[in-house]
Structure formats: structure tokens, C-alpha cells
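Participant: Before I ask anything, here is the structure I am working with.
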Amino acid sequence: MTTPPAPRRRDDPRMQTVEMAALNIPGTEEEVFGSGPVLPPLPRWQIALLIAGGGAVGAVLRFLLQLLLPSTTTPTLVEMPWSTLLANTLGCLAMGLLAGGIQVRRDAPRWLFPAVGTGMIGGFTTFSTVVLEGSAMIGAEFPRLALLYGTLTVLLAVVAIMVGLMVGRVSARAAGLARLGPTSRLAGVRPARLQRPARSGHRRRRVEPAPTPNEEDAS
């Protein structure tokens, strides 16, 4: 005697709960603008060239920023390296904007993150220089300045990337709605209300329809 095959986990009646129904709300698949089939990845040699080109641009930009905001580090005089602090803060903000926008707009060009994210922003930011400058401060007997410098770097980097993620997602969503137009269904999309399944121990009351005027006259 053969037993029938067990139902799949998704088709199991015990899995038909409110939480599972929320995963199948019609229209929620369009909340991500431009979502569609996953594009094949770029060849590795193209990714390497994009990262190399973007990294060169980011390194040059950081060098120019260092020329605009020079700092002095000697055995007896140590200044706050504002150029490195500003470069890391701006880089984290730009990375948050880029990542937040790509999360919403899946139709972004495939070369964008390797060239701008890994390449240019990776070449513009430099946390190894933070360690080197902090070690120089400690060696010059400025431990308080080194502690302040490290704390500011971490706090500003975390705040900048969080702000960038939020602003990037909101901007990308607003740009997608503007591109689709005001008559789009997405402009007023609201999540559907879920009906809770009736409990097995309760019965539903049957509502009798109201009598029509003809039935009242006949009675």
C-alpha cells in the first residue's frame, strides 16, 4: 500500500496563516522599481578595469582634498587631520546613497557599483591612514587627541552611512514614482487588508436579507 506524497511546505494547510498570506499580497512585487529578471554579472576583466579606473579617480580626489586641508604631524606638534576625517565621512555618505538607491532601483547599470562603490569610493576613503595617524599621535604623546580622532571617525562614518541609506532609498523611490507618472497604480498603492482565518470552534452568524417592499405588502 503506497502512501500519498506529503504536501510541500508552502501548500501545507497548516501553513496558511496570516503571516504566509502577507507574502502573497498582489501588487507588492512592484514596490521595488525596475525589478525584473536578474541580469548576468559582468565579466571579471571588465569589473577589474572598472575598479581600477574608479580607484584612480578616488585616490586623486583624496589627494586634492589633502592639499586643500593640510595637517602637520611632528614629534612635538600634532594637528587634527581634517582631510582624512572629511574624506572618510563623505565616502561613507556616498556609499550609503549608492547602496540605498541600488536597493530600490534594481534597473541600475551593472557597472555603477564596481566603478563608483568599490573603485572610486574605495580609493577616496582610507581607514588605514586613520590607524597610521592615530599611532603617530600616540607616539608623539598625544593620546587624548588620538582617542578623540578615532571616536569621531567611527561615529561620523556610522551616522553618514545611515543617513545616506535613508536618503538614497527615499530619493530613488521618489524618482521611480515621478518616472511612472501620477496616474500609476503605485502612486496610491496600499497594502491589502488581510482577513483572519475563522476559528474552528466558532460559527458565523447568518445575516438575513432585508425584506423588499413587495414582500411586506404580501404579508
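Participant: For A87, are the conditions met, namely being open to solvent by less than 30 Å² (accessible area, probe 1.4 Å), without any contact (Cβ under 8 Å) to a residue 60 or more places away in the chain and closer than 29 Å to A174 by Cα?
Facilitator: Working: open to solvent by less than 30 Å² (accessible area, probe 1.4 Å): yes; without any contact (Cβ under 8 Å) to a residue 60 or more places away in the chain: yes; closer than 29 Å to A174 by Cα: yes.
Spelling it out, A87 is indeed open to solvent by less than 30 Å² (accessible area, probe 1.4 Å), without any contact (Cβ under 8 Å) to a residue 60 or more places away in the chain and closer than 29 Å to A174 by Cα.
Participant: Could I ask something else about it? Restricting the first residue to the range 156-176 and requiring it to be more than 19 Å from F113 (Cβ to Cβ), which pairs with a second residue that is hydroxyl-bearing (S, T, Y) and open to solvent by less than 70 Å² (accessible area, probe 1.4 Å) meet a Cβ separation below 6 Å and a spacing of at least six or different chains?
Facilitator: L156/T89
The values are calculated or read from the model by the stated rules, or taken from the named source; none is laboratory data. Since the model is a prediction, treat every value here as computed from it, not as a measurement. All Cβ positions, even for glycine, are placed from backbone atoms using ideal geometry, and neighbour counts span all protein chains on display. Quick note on the areas: whole protein, heavy atoms, side chains included, nothing else; ligands and nucleic acids left out. Shrake-Rupley method; radii C 1.70, N 1.55, O 1.52, S 1.80 Å.
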